[in-house]
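The values are calculated or read from the model by the stated rules, or taken from the named source; none is laboratory data. The model shown is predicted, which means the values in this text are computed figures rather than measured ones. Glycine also receives a Cβ, built like all others from the backbone with ideal geometry; neighbour counts cover every protein chain displayed.
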């Protein structure tokens, strides 16, 4: 009987001891390099998560976004050279180095604003043409008739009115009377003034005209119309063309049935594409005035 009691107590004791070996796991979540792990007994479960890599950049190497472990080295910058408006810049990370170059500007001219020699960007506006600056309109049309009033030659208190027509306007490279020149072209226009009133027949007439540059009038030029092939210069697209030529041929014919013609051809050797040459006629009453006053009171044809 006693043995049975002893055996029973021993079995009970063994059961108690066995039940004392069991415990509750306290899990630590898996990381990039370790699986889920019990912090009490060290038991593991599953697999490590593995790294979540972010690609290397210019500033840092390949990096795990979870644990921040790195691998390898940072990339080198991929530089884009400095421009006029931005410094040397990495095309990957946008880091900059140094300063922008700044524009290298040409001078503005009558055809173009200032232009950067590096990037081609423009700044400002073209120069204002002299005619526009002084409010002068040059709008005579080819083959239209304009009344041209001026003082008579022999009696300067009396006026006469003729009829002015510009015609035969043309642009050409050369002919037997107009030699070709590299970078230049000829422009020609025919001007005829017909006088047929009594005052003109009785007292004659004073014809006054000018050949002026629409963009840059030289106010000191006395506009001598006599002789052929007067050389002059113009500035076109910022370049000085020194070998321009102006030529005027013709003049008055004789009276026929109380009608007289002032018949002149104007020829100009100009840079190719140049549109600034003008021919104008004005009354002799303005001949002692400033150039701007004269041109404002002129019938003006532009060879554009």
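Worth a mention:
- Residues located in the range 93-134, provided they are over 16 Å from the mean Cα position of the chain (by Cα) and crowded, with 17+ Cβ neighbours inside 10 Å: 101, 129, 130, 131
- Among the residues listed as 194, 150, 171, 160, the single one being modelled with pLDDT of 95 or more, touching a strand residue (DSSP E or B) at 6+ places or on another chain (Cβ under 9 Å) and farther than 17 Å from residue 283 by Cβ: 171
- Any hit, the range 161-181, residues being in contact (Cβ under 8 Å) with a residue 24 or more places away in the chain, touching a helix residue (DSSP H, G or I) at 6+ places or on another chain (Cβ under 7 Å) and in a loop (DSSP other than H, G, I, E, B): no
- Selection within the range 27-70 - loosely packed, with under 12 Cβ neighbours inside 10 Å and assigned to a strand (DSSP E or B): 45
- Residues being surrounded by 15 or more Cβ atoms within 10 Å (Cβ to Cβ) and closer than 18 Å to residue 275 by Cβ - total across the range 135-170: 5
- Only residues that are part of a loop (DSSP other than H, G, I, E, B) and within 33 Å of the chain's Cα centre (by Cα) were counted in the range 186-218, giving 5.
- Subset of the range 71-92 (residues that are surrounded by 14 or more Cβ atoms within 10 Å (Cβ to Cβ) and either in contact with a helix residue (DSSP H, G or I) (Cβ under 7 Å, 6 or more places away or on another chain) or within 30 Å of residue 32 (Cβ to Cβ) (or both)): 74, 75, 77, 90, 92
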